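Novice: First, the structure itself, so that you have it in front of you.
Values in this text are rule-based calculations from the coordinates and carry no lab data. Treat the numbers as computed from the prediction; the structure is a model and nothing was measured. Using ideal geometry, Cβ is built from the backbone for each residue, glycine included, and neighbour counts are taken over all protein chains shown.
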Amino acid sequence: MLLQHRLSYQYIPALSLILMMILPSAIFSFTIHNAPLSLSATGSSKSRSSSSLYSTLPQTFNIKITHQNKTATIPIRTDEPILQALERHNLQDTLSLPSLPQDCRRGNCLTCSGRLLCGDLGQDIKLVNDGLSPSMSQKIQKENIVLTCSSYVKSEGVHLEIGICDDAWREVYGSSRPWEDVEGERIKNDAVAKAMRVKDENSLNRWALRTEKSLMEVDVDAEGP
């Protein structure tokens, strides 16, 4: 019995040596065979994640903006109103404007109106609730007029002329009777008054001369014949 125990103890170092030689090789083989699968799965996951990220990002298109024979091209995202993009690019400086034409930013004062010179109103422009009645919306759309505060660009090739609010007011209110649309008439008068005020503020000398002339006419009328 004692001899058997001694023989067993003699084999332990040999078995340990064999295990030390076999185990690293087995572990290495297992790692090599399984690593590509893990890397492949990780890469696939990253690819799907990147694809999902790019699919949620807004698209960007180039749009031309014209005002009084001056034209500028700016990039615009599909998730921002046209007016917001114009402000973001400081287009009033590029087009030598004192300020971009806008007022209510709800789509019912018509101050921010622009005319579509190139592009299709249905395919290239996304129209959202503009605050106008359906009949008024149809009138301006018939003339390719868009409200920049509530319209979005959907594709390339759009060319827009801004600063045409007079045409939009004429189209919407020219044939309507003031007593039939009291709120619309009030909005129009407020927008016209603001446009005149902004114009006077940018030309104080002209405003002073016109005011002086008006006061002189009043004095003459007061004196009478």
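Novice: Kindly put Leu97, Leu110, Leu204 in sequence by how many other C-beta atoms sit within 10 Å of each C-beta, fewest to most.
Specialist: Leu204, Leu97, Leu110
Novice: By per-residue mean of other Cβ atoms within 10 Å, what is the highest-first order of 119-129, 157-167?
Specialist: 157-167, 119-129
Novice: By how many nm would the segment from Thr78 to Gln59 grow when fully extended, if each residue of separation counts as 0.36 nm and the alpha-carbon distance is taken off?
Specialist: 6.3 nm
Novice: Let me ask you something else. Modelling each spin label as a point 7 Å along the Cα-to-Cβ direction, I'd like the Arg170/Glu87 distance in nm, to one decimal.
Specialist: Between Arg170 and Glu87, the label points sit 2.9 nm apart.
Novice: If I take R0 = 35 Å and measure r between the Cβ atoms of Lys70 and Ser133 in this structure, what FRET efficiency does the formula 1/(1 + (r/R0)^6) give, to the nearest 0.05?
Specialist: That gives a FRET efficiency of 0.55.
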